[in-house]
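Enquirer: Structure provided below as structure tokens; questions to follow.
The values are calculated or read from the model by the stated rules, or taken from the named source; none is laboratory data. On a predicted model such as this, the values are computed, not experimentally measured, just so you know. A quick note on method: Cβ atoms are made from the backbone with ideal geometry, for glycine too, and the neighbour counts reach across all protein chains shown.
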């Protein structure tokens, strides 16, 4: 039994080793299949994105591979497949259907471009065929050949249009139907206002065609209904312009004849009948010479008028000078009157009754120097003249000197600085230097200002 147990133990050990190796190989292959599935899913998503981009469709599939120990996501992930295999297949079929739709679109566009080339009489050896348009190796050359041919056709049309437009311009057409905006406009079939047909796209410096604004994704407005180009109308307009030119020529002739008849005071060198003959160019030249003579007479009259105007300007200049002198005299009189009124006002204020002065009967001994002014000096405002920007104080020539600065205090607050300008025995006048005269009221207190510079006149 002991030997048999050892044999079974060895067998179990070998079996365990086989199972471990098999599990390792199975796990390795599973990771390979998982990575392969992820690569396929990513490829399908990129394919769907490329097909949907610019086709007015959304990508029907999505996938994000697992990273950092996380799980993969998207409708092509393992979770969606395990939950609903049928829907998973439908998502892949949707990509296949989108690819088929794009392929069908390519076929329709290729056939349409080939038909356009044929309609524009493109040479066959240019190779602009539907098969070449669908061939990945040939469609670039075929598309470029078509674009070049369209460009040449457009140049031809533009040359024709410009020639007709120039002719219409020479004939002075009243309505030029060969203008750019009209020549390239098709007739509207539904009664709405037609829009000008767009010319072939211009090429940028690198040779690529400049793109127009793209239509919103998925939007299908349908093609507008238009008829042909109204070229006949433009040709009829040109024909009518020729008739108008003839009528205009006759009108010019009639106008020249009426001009000769109207200016009877001039002795014309031609007659009206000369304009109707074959030698009309010489007749017109002679008429121009007569017009020059008339112009010379007008110039002579204008020169006489100019001389009279010069004389008038001189007279007006003298008159203006007298008016300026009168205006200056009036201004001087105004200033002198203002100064008189100011002096009169100050004189009235300084001639107050002595009974109103403080210490009216005390003898007055005038001081003459700034150093004699007492720093503790103070006084009151007797009157305020806002119009002339000065105030009257109850300080006489025994207390202040001209040029002294005093600070004005009202209700305990500094409001202004004044400077003494005129002094009498018991009162003085001061000009407001800082602050506003309108803020000062009678009764306000004044006192010595620290801004005074003793011994120096400001």
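Enquirer: State which residue is farthest from the chain's Cα centre (by Cα) when the search covers only the stretch 385-403 and only residues that are within 21 Å of residue 451 (Cβ to Cβ) and in a loop (DSSP other than H, G, I, E, B).
Expert: 399
Enquirer: Could you tell me whether residue 358 is at pLDDT below 70 and not in a helix (DSSP H, G or I)?
Expert: yes
Enquirer: In the stretch 63-86, what residues are free of Cβ contacts under 8 Å to residues at least 24 places away in the same chain, closer than 19 Å to residue 47 by Cβ and in a loop (DSSP other than H, G, I, E, B)?
Expert: The one that is free of Cβ contacts under 8 Å to residues at least 24 places away in the same chain, closer than 19 Å to residue 47 by Cβ and in a loop (DSSP other than H, G, I, E, B): 75.
Enquirer: Go through the residues of the stretch 426-444 one by one and say whether even a single one is more than 30 Å from residue 337 (Cβ to Cβ) and in contact with a strand residue (DSSP E or B) (Cβ under 8 Å, 6 or more places away or on another chain).
Expert: yes
Enquirer: Additional query: Within the stretch 413-448, track down each residue that is in contact (Cβ under 8 Å) with a residue 40 or more places away in the chain and within 60 Å of the chain's Cα centre (by Cα).
Expert: Once the filter is applied, which keeps residues that are in contact (Cβ under 8 Å) with a residue 40 or more places away in the chain and within 60 Å of the chain's Cα centre (by Cα), the stretch 413-448 yields 430, 431, 432, 437, 438, 440, 441.
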